[in-house]
Amino acid sequence: MNLSKSNGARNRSAKRIPLQVPLIVTGRDEHGTAFADQVRTENVSIDGGCLLFNRDLRRNQSFKIEGQNGGRFVARVRWCMYYFRQDIRRVGFQLDPDSKESW
């Protein structure tokens, strides 16, 4: 994804763009259980984005993302929030610096 940087709101270094992209995320949930889930993004930026998820993750834990074109990226959890009425979690993630160039 080719997203340019801007001085966005809330002290973000990159602008968030609403975009729903299907991805496969692998890692371990907050209980240590391994998973490989199909998820989708809610928004993306040059540095990361927000995933719509069905499981809880711990802040700062690492996980892997695989795109539709086979691209693989390492990321870490910045935040995770559960929305009871929608029964969904939103997981904010930041890409590993080595993964940003190919994102």
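The values are calculated or read from the model by the stated rules, or taken from the named source; none is laboratory data. Quick caveat, the model's predicted, so the values are computed rather than measured. All Cβ positions, even for glycine, are placed from backbone atoms using ideal geometry, and neighbour counts span all protein chains on display. We work out accessible area using only protein heavy atoms, side chains counted, and drop any ligands, DNA or RNA first. Shrake-Rupley method; radii C 1.70, N 1.55, O 1.52, S 1.80 Å.
Data table
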{"item": "Test: residue in the range 7-21 that is in a loop (DSSP other than H, G, I, E, B), at pLDDT 90 or above and at positive phi", "result": "no"}
{"item": "Any hit, the range 53-74, residues being at pLDDT 95 or above, open to solvent by less than 60 Å² (accessible area, probe 1.4 Å) and small (G, A, S)", "result": "no"}
{"item": "Cross-chain or 6+ apart pairs with Cβ under 9 Å, the range 33-57 first and without any contact (Cβ under 8 Å) to a residue 12 or more places away in the chain and over 12 Å from V91 (Cα atoms), then in a strand (DSSP E or B) and among the polar types (S, T, N, Q)", "result": "A34/T26"}
{"item": "The lone exception for R85 - which of (1) surrounded by 14 or more Cβ atoms within 10 Å (Cβ to Cβ); (2) part of a helix (DSSP H, G or I) it fails", "result": "(1)"}
{"item": "Selected residue [closer than 21 Å to S13 by Cβ, open to solvent by less than 40 Å² (accessible area, probe 1.4 Å), of a type in the set (F, W, Y) and not in a loop (DSSP other than H, G, I, E, B)] from F93, F35", "result": "F93"}
{"item": "Residues being touching a residue at least 40 places away in the same chain (Cβ under 8 Å) and of a type outside the set (A, V, I, L, M) - total across the range 81-103", "result": "6"}
